[in-house]
Amino acid sequence: MSVFDEQPPIINVSSFSKWLKENYSFFKSKDIKLSRLNSERDINLLIKEKSAKKYVVKISNPKESLVQLEYQDLLIKHLRYNRQLKQIYPKILHNKILFYQDSKQRRCAVRILTYIDGDMYAKSKNTDHTEQSLGRLLALQSTQLQSFIKNQAIRKFEWNPSDIRWTKKFINLFIGNNKNIIKNSIDEHEKFVFKNIKNLKHAVTHGDPNDYNIVVKKEKIIGFIDFGDSIYAPVVNDLAISLSYALMGVKNLFKSLQNIVGTYNKFYKLSDQDIYSLLGLIKSRLVITLVMAAKQRKKYPNNKYLSISENNAWDLIRKLHKVDPYFFIAVIRDICNLEPISDFSKKLQLLKSQQFGNLFNFDLNNVNKKIVNFDKSSFLLKSNPSNKKLDNLVGKFLKKDIGIGLYKETRKVYKSNHYISSLNLLERRDVHLGIDIFVEENTPIKSPMNGKVVILHNNNFKYDYGPTVILEHKINNYKFFTLYGHLNKKCLRKLKVGQNINKGEWIGEIGDYKINGNWPPHLHFQIMTSLLNEVDNFPGVGEEYLLKIWKQISPDPNIILQIPESFFTNKVTKEKILKKRKRNIGRNLSISYQEPLHMLEAKDQFFYDEHGRKYLDCVNNISHVGHSNKMVHNALVKQNLKMNTNTRYLYNIINQYSDRLLEKFPKKLNKIFFVCTGSEANDLALRIAKTYTKANNVLVMNNAYHGHTNSLIDLSPYKFNSKGGEGQKDYVHVLRMPDEIRGKWTKKNNKWVNKYIEEAKELINKKFNHINSLSSFFFESILGCGGQIELPKDYLKNIVRFVRQKNALCIADEVQTGFGRVGNNFWAFEEHGIVPDIVTLGKPMGNGHPIAAVVTTTKIANTFNNGMEYFNSFGGNPVSCAVGDAVLDVIEKENLQKNAKIVGDYFIKQLRKIQIKFPNYISKISGKGLFIGIDLIINGNLSLPNQKLATKLINTLRLRGILLSTDGPFNNVIKIKPPLVFNKDNADFVCSEIESFLIHENKK
Ligand SMILES: Cc1ncc(COP(=O)(O)O)c(C=O)c1O
């Protein structure tokens, strides 16, 4: 027989009062009043003196052992040793435990304690402060109890929530859903508590810090009472027991957990294992309450105390039943400042390092996308449309684009009670945890990585997922999951749970309105780092106030989709940008393509526009080592944060960079003048040449372009001979461009190159027979604006010889072709076995940062030093030098010159294959390395350049995600000059698109 089976003491209060006076000297002459306090198995009486002093007299159950009661007294004394706790516990007033014979002549032990005067926690209005105070004191008590070691505490006890297996035999006391809840809680006890018990730190515990054993005053806990249930048990039990009462009747469980558990954890660190078992322990205690109530109510129908908590307990256990136990663990971990999902950072990094396959038969980044907003500002939801109507609206809005529904969007569309937050009844789950991809129904879906099917389920409630697949993926012992919702039923027939799925394998198809949960056809795609309690229906929306936790359970699905971030953040449309640009910027800045592109970001050889669409960049040779290169960026930032100034001060970086740059040149070229643009470089080169030769005339190649300044427009037949140009100036002399297919002499003519050389020789000799009349000869080894025309073998060598005979300087313009682009050599002039007197550099030199240079000989530089200072505010500044240095680093580290050679050769070879197939359209593939041209003609006629086709080709390929440009005197040459990180796959892609374009053209 235990104290639970023995009837509590039965007393006559007035005779007991007499007994008290007789036995305790401090009551002898006092006028005291006794009144009953609540108790389950004992009698507790409140003693009030006239002076208002209060005491408690505890008359124990006759079955209570003396040893146990003495243990309790020792326990109280131990707790009172702690200064912070002293006031929280009653003082023991008796010297010795005496016995009173109750009305049934049973010996009942009597103890007298001070009364802690306040409200019971159960009865008081508790605030955040009260809850925090509870958390703190429970933790301090847990700490103080660690040093209280007593054998009497080791005992079995039915109210101990860490072992409730005994309750199993009482499950049948319940029916219906109540039974289900009790059973489920007992099962969870097994899993989360019993199986984890060895991992929980044990010590003496209070054993019953319930809401009638906690005294509150002015929002503070002022007392813990009743140590009758003290037991050696998991330390976390006391917290769990307290919570199983403190959370009763609370609407915002999360806040109370934050207050109580969060504060507890500040003073007593909960272990991962404590947190793992906490919910199980809370529910276990509630199960005990409910089983006890059901049992005892039968036995003692009049003892109200027995069932006092019953209704509240049901209410709380029902609420907790709705909380996923793993989610609860994540919440508590967060409250305790741990990562909600253990090892989340590691997991995330691992996931981010993977290579993913496409989710569809197409690359999501190769199509135009539009954001489909379902937040409160959504125009789609303005009229509160039915889901059927929404289906139509979304279809109309998207037209042919793919719709993207946002991750973390707070949505207005989740209306049922199902979406009420289980941890706070005042909140809803309305933040989207996946990305929606609106595509046509029946669109097949493929797995982005290897995995296996773990859940296959038709969530066929209105507005739910409809048929759903969840895959499990394992990376280095970590598990990840991906969810595909709103499918059609095919997946349910074709897949099996447990089935392995390879990356790229079919896993389902998009469902239509009728089967997909009544939504516009789309895929709900979600990543999970945990399957939580492995339920069929994983939440697709979470609570905003718990977003920190949800973000770890379901991180951004864009880790896999890899839609550029700028697509989500862009706020300005192309139309607006264009309108404003027209208002603010001079109109003769051209804009590429019939349908202009509004680019938002770029990386390596790719651009991304406002539709989140990826473009392969075959045009921007300025971004030489790739767009947004990290090394270049870091070098710039580092130097810019340190210092930026001009060349009037000494700093080392200019020397460091100059050394490295000059190493790339023939020894003779050993002096640098830094400037900012290619035009500036050529302009300075011209000035140096004029100073050196004291001559004025300049020789240039026809169709050449050397820059946009006054002096250089005059040296650029490409400009002065075309629209808006003022024609050729007297001092400018133009050599015919040796064009092998459309020139005066072509490949068909015998020794055709010699004819150009002879003509040039004649012109030079005739025009500059006075020594010192020709200052310089400007040339590009491959004429870019001229249509990617390579100067033929021996041509340059001869012209340079003639020019030098006139004491003039040869100036190689390497602004387009320099820095390894031509593959075989670092500079294009090297292909011709010549050493120019001056070389000008620009574009790729700073990978987009404005840095350019003139490189020449000591002799020429010395002559230029004629007394006039050369000063350039920006040229050669430390930041520019650091950037230039970093560009050389990347070229070397990533072997980009070699890449230009290998990929360039391959590209040219593949293009020549296309040329063979389409001789009617392509007359020539020209260029070196990654500086290539495709000359387009009409009907196979070499003398009929096909500008129309070239324009059509670049505009068509732009729509297919490839950026190209046209150039040459007839604008019929497709220019290819991509960042040097370009690879063979990129080349294949361009070739296949050009080929399919030409096939299509041929069919017309
Ligand atoms: C061969 C050549 N030289 C010089 C320049 C002028 O360079 P920048 O635009 O940096 O002034 C260009 C520009 O396209 C060019 O192609």
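Some observations on this one:
- Looking across the range 589-609, the residues that are touching a residue at least 24 places away in the same chain (Cβ under 8 Å) and open to solvent by 30 Å² or more (accessible area, probe 1.4 Å) come down to Ser592, Tyr593, Gln594, Glu595, Leu597, Leu600, Glu601, Lys603, Asp604, Phe607, Tyr608.
- Test for Tyr731: is it farther than 16 Å from Phe779 by Cβ, surrounded by 24 or more Cβ atoms within 10 Å (Cβ to Cβ) and over 52 Å from the mean Cα position of the chain (by Cα): no
- Test: residue in the range 49-72 that is under 27 Å from Asn151 (Cβ atoms), touching a Gly at 6+ places or on another chain (Cβ under 8 Å) and aromatic (Phe, Trp, Tyr): no
- In the range 348-369, the residues that are within 23 Å of Glu610 (Cα to Cα) form Cβ pairs under 9 Å with partners that are among the hydroxyl-bearing types (Ser, Thr, Tyr) and not in a loop (DSSP other than H, G, I, E, B), at six or more places apart or across chains, as follows: Leu359/Tyr484; Asn365/Tyr608.
- Any pair with Cβ under 8 angstrom, 6 or more apart, that starts in the range 283-304 at a residue that is under 20 Å from Ser242 (Cβ atoms) and ends at one that is modelled with pLDDT of 95 or more and of a type in the set (D, E, K, R): Lys283/Glu188
- Pick from the range 375-409, criterion hydroxyl-bearing (Ser, Thr, Tyr) and open to solvent by less than 50 Å² (accessible area, probe 1.4 Å), ranking: modelled with the lowest pLDDT: Ser378
- Restricting attention to the range 452-478, the residues being under 22 Å from the mean Cα position of the chain (by Cα), touching a residue at least 40 places away in the same chain (Cβ under 8 Å) and over 16 Å from His524 (Cβ atoms) number 4.
- Filtered residues of the range 965-1004 (kept if aliphatic (A, V, I, L, M), in contact (Cβ under 8 Å) with a residue 12 or more places away in the chain and part of a helix (DSSP H, G or I)): Ala987, Val990, Ile994, Leu998
- The set of residues in the range 623-659 being touching a residue at least 12 places away in the same chain (Cβ under 8 Å) and aromatic (Phe, Trp, Tyr) consists of Tyr651, Tyr657.
- Of the helices (runs of 4 or more DSSP H) lying entirely inside the range 468-578, those containing at least 2 residues that are open to solvent by less than 10 Å² (accessible area, probe 1.4 Å) span 547-553.
- Any hit, the range 188-204, residues being of a type outside the set (A, V, I, L, M, F, W, C), touching a strand residue (DSSP E or B) at 6+ places or on another chain (Cβ under 6 Å) and in contact (Cβ under 8 Å) with a residue 40 or more places away in the chain: no
- Scanning the range 826-870 for residues that are free of Cβ contacts under 8 Å to residues at least 24 places away in the same chain, over 18 Å from Phe665 (Cα atoms) and part of a helix (DSSP H, G or I) turns up just one, Asn862.
- In the set Gln258, Gln273, only one residue is open to solvent by 50 Å² or more (accessible area, probe 1.4 Å), farther than 30 Å from Asn151 by Cα and outside any loop (DSSP other than H, G, I, E, B); that residue is Gln258.
- For the range 826-846, the criterion of being away from the ligand (no atom under 16 Å from the Cβ) and open to solvent by less than 10 Å² (accessible area, probe 1.4 Å) is met by no residue.
- Residues that are charged (D, E, K, R) and surrounded by fewer than 22 Cβ atoms within 10 Å (Cβ to Cβ), drawn from the range 113-153: Asp117, Asp119, Lys123, Lys125, Asp128, Arg136, Lys150
- In the set (1) buried (at least 17 other Cβ atoms within 10 Å of the Cβ); (2) closer than 16 Å to His522 by Cβ; (3) over 22 Å from the mean Cα position of the chain (by Cα), the condition left unmet by Pro444 is number (1).
- The residues of the range 751-784 that are touching a helix residue (DSSP H, G or I) at 6+ places or on another chain (Cβ under 7 Å) and open to solvent by 60 Å² or more (accessible area, probe 1.4 Å), listed by number, are Lys761, Asn772.
- Condition check for Phe802: more than 13 Å from the ligand (Cβ to nearest atom), over 60 Å from the mean Cα position of the chain (by Cα) and not in a loop (DSSP other than H, G, I, E, B): yes
- Number of positions in the range 237-255 that are among the polar types (S, T, N, Q) and open to solvent by 20 Å² or more (accessible area, probe 1.4 Å): 1
- Residues that are within 25 Å of Lys579 (Cα to Cα) and either of a type in the set (D, E, K, R) or at pLDDT below 95 (or both) within the range 598-610 comprise Glu601, Asp609, Glu610, listed in sequence order.
- Here the condition is being in a helix (DSSP H, G or I), out of contact with any Gly (no Cβ under 7 Å at 6 or more places or on another chain) and closer than 30 Å to Gln639 by Cβ; of Val883, Val890, Val903, it holds for Val890 alone.
- Strands (runs of 3 or more DSSP E) contained in the range 582-631 and holding at least 3 residues closer than 30 Å to Lys898 by Cα and not aromatic (Phe, Trp, Tyr): 599-603, 614-617
- Any hit, the range 74-86, residues being in contact with a Leu (Cβ under 7 Å, 6 or more places away or on another chain) and hydrophobic (A, V, I, L, M, F, W, C): yes
- Pairing residues of the range 798-819 that are among the acidic types (Asp, Glu) and open to solvent by 20 Å² or more (accessible area, probe 1.4 Å) with residues that are within 16 Å of the ligand (Cβ to nearest atom) and at pLDDT 95 or above, at Cβ distances under 9 Å and at least 6 apart in sequence or on separate chains, gives no pairs at all.
- Inside the range 70-112, residues that are within 16 Å of Leu45 (Cβ to Cβ), open to solvent by less than 10 Å² (accessible area, probe 1.4 Å) and out of contact with any Asp or Glu (no Cβ under 8 Å at 6 or more places or on another chain) make up a count of 4.
- For the residues Ile932, Ile922, the requirement of being open to solvent by less than 30 Å² (accessible area, probe 1.4 Å), aliphatic (A, V, I, L, M) and under 44 Å from the mean Cα position of the chain (by Cα) singles out Ile932.
- When Leu911 is tested against (1) open to solvent by less than 50 Å² (accessible area, probe 1.4 Å); (2) in contact with a Phe, Trp or Tyr (Cβ under 9 Å, 6 or more places away or on another chain), just one condition goes unmet, and that condition is (2).
The values are calculated or read from the model by the stated rules, or taken from the named source; none is laboratory data. Quick caveat: nothing in here was measured; it's all calculated off a predicted structure. Quick reminder, even Gly has a Cβ in these numbers, built from the backbone with ideal geometry, and neighbours come from all protein chains shown. When the accessible area is computed, the model is the full protein with side chains, heavy atoms only, and any ligands, DNA or RNA have been set aside. Shrake-Rupley method; radii C 1.70, N 1.55, O 1.52, S 1.80 Å.
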